[in-house]
1. Going residue by residue through the stretch 71-82, is there one that turns out to be within 23 Å of the chain's Cα centre (by Cα), closer than 18 Å to residue 38 by Cα and touching a residue at least 24 places away in the same chain (Cβ under 8 Å)?
2. In the stretch 192-222, which residue that is within 13 Å of residue 76 (Cα to Cα) and out of contact with any Ser or Thr (no Cβ under 8 Å at 6 or more places or on another chain) is modelled with the highest pLDDT?
3. For the stretch 231-264, give me each residue that is aromatic (Phe, Trp, Tyr) and surrounded by fewer than 19 Cβ atoms within 10 Å (Cβ to Cβ).
4. Looking only at helices (runs of 4 or more DSSP H) that fall completely inside the stretch 217-318, which ones have 1 or more residues that are within 22 Å of the chain's Cα centre (by Cα) and over 30 Å from residue 412 (Cα atoms)?
5. Identify, by number, the condition in (1) touching a Pro at 6+ places or on another chain (Cβ under 8 Å); (2) touching a residue at least 40 places away in the same chain (Cβ under 8 Å); (3) not hydrophobic (A, V, I, L, M, F, W, C) that residue 34 doesn't meet.
6. Could you tell me which of the residues 116, 126 is under 20 Å from residue 73 (Cβ atoms) and free of Cβ contacts under 8 Å to residues at least 24 places away in the same chain?
7. Could we say that residue 152 is touching a residue at least 12 places away in the same chain (Cβ under 8 Å), surrounded by 17 or more Cβ atoms within 10 Å (Cβ to Cβ), out of contact with any strand residue (DSSP E or B) (no Cβ under 7 Å at 6 or more places or on another chain) and within 26 Å of residue 338 (Cα to Cα) here?
8. Residues in the stretch 58-79: is at least one on the phi > 0 side of the Ramachandran plot and either assigned by TED's automatic domain parsing to the domain that holds residue 109 or touching a helix residue (DSSP H, G or I) at 6+ places or on another chain (Cβ under 6 Å) (or both)?
Amino acid sequence: MTALEGTASRVQGEVRRRPLLALYAASLISVTGDSMAAVAIPWFVLLTTGSAVQTGVAAFFSVTPIIIGMVFGGTVVDRTGFRRISIAADLASGVMILLIPLLHFSIGLSFPAMLALVFLSNLLDAPGGSARRAMLPELAAAAGIPIEKATAYAESVSRATLMIGAPAAGLLVTLMGAPVVLLVDALTFLVSALIVGAFVPAALVEQKAPADAPKTSYMEDLREGVRFVRHHRLILAIIVVVMFTNMIDSAAFSVSLPVWAEMVFGAENGAVNLGLLIGVFGGAALGGAFLYSLIATKPSRRLLLGLGFGMAGVMQIMFAAAPPVWALIGLAIFTGILVAPLNPLLSTLVFERVPVELRARVMSLLSAGVMVGMPLGALAAGYVLEFLGVQVAYVLYGSVYLIAALIFRFHPALRDVEARTPPTLEAVVDAASAAERSAA
């Protein structure tokens, strides 16, 4: 190969990878905005109302529309197009967030009006996130990158953003105030939309229906997505198992961890040591996601799933034993590295098995399904701590994760996780129809 040919090959490779890199950049900016809003909105409510109750109500109006948007928005994404919804959702969500500080600084903003804007912003943001995730397989294929590596890179971006976004938002709120941070948050939505619009070609990601395809209604399309989830054993198993582990995460980390830290380290040192452990775990998980991206196509998937869920269970059971800080730091590093492949690997399994025609609605239904148990976990944790104590609670939390590890390692429905050939839509429909006939 001549020098000119080598240069041309490199340029061609950069051009092929540019849309994928643009998607990562748009996701990074959008998730950063979400992290900023998660800090700025509750703080804004608390400062403007002085009410912890109203702050809790605002949190409810922030989380609930995400689940609603996931359930019903995925079908809209599939019907309208991944790229179009990604751009439109970012622009619409950004306008809703922008109105909060603008109205606050100008004519005033009532609490119900603010709740409506927060609700609409997150309701619109959910399908936008689904649309960006749904574009990943085509852009990875265009870049010549295996989907396992592409999802691992996406996980690295997400973890890095979550580590940076919330602390940055806290600093900005302190320096400039929550309303100004919401202005910056609105700008992130605009920038994300511009990046997708400018650098992600529609031809790569927008699927055109065949000319002879029958016209279907929104509800028919939604039912088709639900039917796919119901009759796909692997997808259904992922939803059920991760719903329970997310429920445990909500109980263990949102509610129980501060109680555990106070018990182990004392009231004076609890917050500092807890922050240290969370930071170490987050950094290890970020490093683990990067390491996984280097070897993503090589290890056994069932082995990685078993190790990840199993080590998460061991860590929580070890919390019950209250080992010294140095042991907890080592445990956090080891666990963070092993759990890092879980999210990208589960995403890969979904991408490989869901036909492109159903991708956004199935992914949205899956996301809503795995989130639905989180409020229940947080609610139940208080009673578990009250009646059983923090040490027994962490043994129970860890046991659920160990059961999840055994399910992913040995359950018959999960035997085909090593397969890498996605089904056709016709095969999915035929299988679902046969299952419904046998059930009848």
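1. No, because not a single residue in the stretch 71-82 is within 23 Å of the chain's Cα centre (by Cα), closer than 18 Å to residue 38 by Cα and touching a residue at least 24 places away in the same chain (Cβ under 8 Å).
2. The extreme case among them is 220.
3. 244, 253
4. Result: 257-295.
5. All conditions pass for residue 34, except number (1).
6. 116
7. Considered against the rule, which asks whether it is touching a residue at least 12 places away in the same chain (Cβ under 8 Å), surrounded by 17 or more Cβ atoms within 10 Å (Cβ to Cβ), out of contact with any strand residue (DSSP E or B) (no Cβ under 7 Å at 6 or more places or on another chain) and within 26 Å of residue 338 (Cα to Cα), residue 152 comes out as yes.
8. Within the stretch 58-79 (the criterion being on the phi > 0 side of the Ramachandran plot and either assigned by TED's automatic domain parsing to the domain that holds residue 109 or touching a helix residue (DSSP H, G or I) at 6+ places or on another chain (Cβ under 6 Å) (or both)), the answer is no, since none of the residues qualifies.
The values are calculated or read from the model by the stated rules, or taken from the named source; none is laboratory data. What you see is a predicted model, and the numbers here were worked out from it, not measured in a lab. Because the Cβ atoms are built from the backbone with ideal geometry, glycine has one as well, and the counts that use them run over all protein chains shown.
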